[in-house]
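In what follows, a single structure is set out as structure tokens and then discussed.
The values are calculated or read from the model by the stated rules, or taken from the named source; none is laboratory data. Predicted, not measured: the structure shown is a model, and the values here were computed from it. All Cβ positions, glycine included, derive from the backbone under ideal geometry; neighbour counts span all protein chains shown.
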Amino acid sequence: MTARLIDGKAAALDIRRRVAEVVAAFRTRTGRSPGLATILVGEDPASAVYVRSKGKATGEAGMEGFSHQLTESTSEAQLLDLVERLNADDQVDGILVQLPLPKHIDTDRVIAAIDPAKDVDGFHPVNAGRLATGLDALIPCTPFGCLHLLKQELGSIAGKDAVVIGRSNIVGKPMAMLLIGESATVTIAHSKTRDLPDVVRRADIVIAAVGRPEMVRGDWIKPGAVVIDVGINRVPAAEDGKTRLVGDVAFDEAAKVASAITPVPGGVGPLTIAMLLRNTVVAAHRRSGLADPQAL
Ligand code: NDP
């Protein structure tokens, strides 16, 4: 391996430490802690793990956590009613609805019901539009984390050629907007892209957000490129019949060519929760009429 390993755990710990300091200062100033409400509908085990770790991180940062666990059979109307109550609750600065929702619930409708000022996932169309037009927004946590790692690695990314593989509303599209905001030259690739390996070979920065285990091969990577692997894929382990996590990039191959690369796990993943905490404390400041905290 020649690439530098980008340590997402360390970067996330640093952000979480700064968030905790900002939370303490906010409490001194306003007499209350920022609050994050999480909503989990159903019993999907992976979602339950994510929500639990978000709740734990909220407490560790000194914030209030309000956990709402609803059964699989919860109706859309009941969920919308809870979102409305949380919108109106002054103790709640951030509302996170864990996705995916059960099939009988219209996800877009639920996201649109969240007060954009409390939309700490940054999925509401108002926040997506604000990000696209360069206004202050609440920015989706995963791409925001990727940008943080890139800036930490490269300093300025102005003028760099970046390829984002994936165009979802939660990763690919906001990632592209953030990179444009930093004056990178951005290509967004997806399942209909022709000659994807050739497109990726042009890139100084590769962001893989596809959901296909080890799809991006080492010979797709331009020597010296920085590779950010968003993918989290569970695959069978060869030896013991258990499963292991792999990214969307064939790590061992790519690490021989790239200048720096994120591992899976331990790369982008930890940043997602750190940015959620960051968004919550920023939302609390904005809702209280305070300037955004300088430290974040
Ligand atoms: P989606 O399934 O919503 O989007 C996947 C994107 O990849 C789509 O735009 C799709 O194209 C594109 N794609 C699929 N197959 C190909 C292909 N063969 N070639 C090129 N592009 C392709 O996924 P998400 O954006 O939600 O997530 C992507 C990955 O990131 C997943 O592995 C997910 O687990 C992970 N993830 C990790 C997070 C973290 O915290 N680290 C947080 C969120 C996601 P098209 O639009 O044409 O269908």
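The condition of being part of a loop (DSSP other than H, G, I, E, B), surrounded by fewer than 21 Cβ atoms within 10 Å (Cβ to Cβ) and more than 14 Å from the ligand (Cβ to nearest atom) holds for only one of Ser168, Ser156, that being Ser156. Is at least one residue of the stretch 181-194 of a type outside the set (Val, Ile, Thr), away from the ligand (no atom under 11 Å from the Cβ) and more than 17 Å from Ala132 (Cβ to Cβ)? There is no residue in the stretch 181-194 that is of a type outside the set (Val, Ile, Thr), away from the ligand (no atom under 11 Å from the Cβ) and more than 17 Å from Ala132 (Cβ to Cβ). With the condition kept exactly as written, say whether any residue in the stretch 37-55 is within 16 Å of the chain's Cα centre (by Cα) and assigned to a strand (DSSP E or B). Yes, that holds for at least one residue.
For the stretch 1-36, a residue qualifies if it is assigned to a helix (DSSP H, G or I), more than 22 Å from the chain's Cα centre (by Cα) and touching a residue at least 40 places away in the same chain (Cβ under 8 Å), and the qualifying residues are Ala25, Phe26, Arg29, Thr30. Within the stretch 54-82, residues that are at positive phi sit with their Cβ atoms under 8 Å from residues that are surrounded by fewer than 18 Cβ atoms within 10 Å (Cβ to Cβ), at 6+ positions apart or across chains, in these pairs: Gly62/Ala20; Gly62/Ala24; Gly62/Arg27.
Please verify whether Asp248 is closer than 30 Å to Leu296 by Cα, in contact with a strand residue (DSSP E or B) (Cβ under 8 Å, 6 or more places away or on another chain), within 8 Å of the ligand (Cβ to nearest atom) and among the charged types (D, E, K, R), treating the condition exactly as stated. So Asp248 passes the test. Among the residues of this structure, Val83 does not count as one that is surrounded by 14 or more Cβ atoms within 10 Å (Cβ to Cβ), under 20 Å from the mean Cα position of the chain (by Cα) and either of a type in the set (Asp, Glu) or not in a loop (DSSP other than H, G, I, E, B) (or both). If you check Pro223, Pro270 for being more than 22 Å from Arg194 (Cβ to Cβ) and within 16 Å of the ligand (Cβ to nearest atom), only one passes: Pro270. Please verify whether Lys173 is basic (Lys, Arg), modelled with pLDDT of 95 or more, outside any helix (DSSP H, G or I) and more than 16 Å from Lys160 (Cα to Cα), treating the condition exactly as stated. Taking the combined requirement at face value, the residue does not satisfy it.
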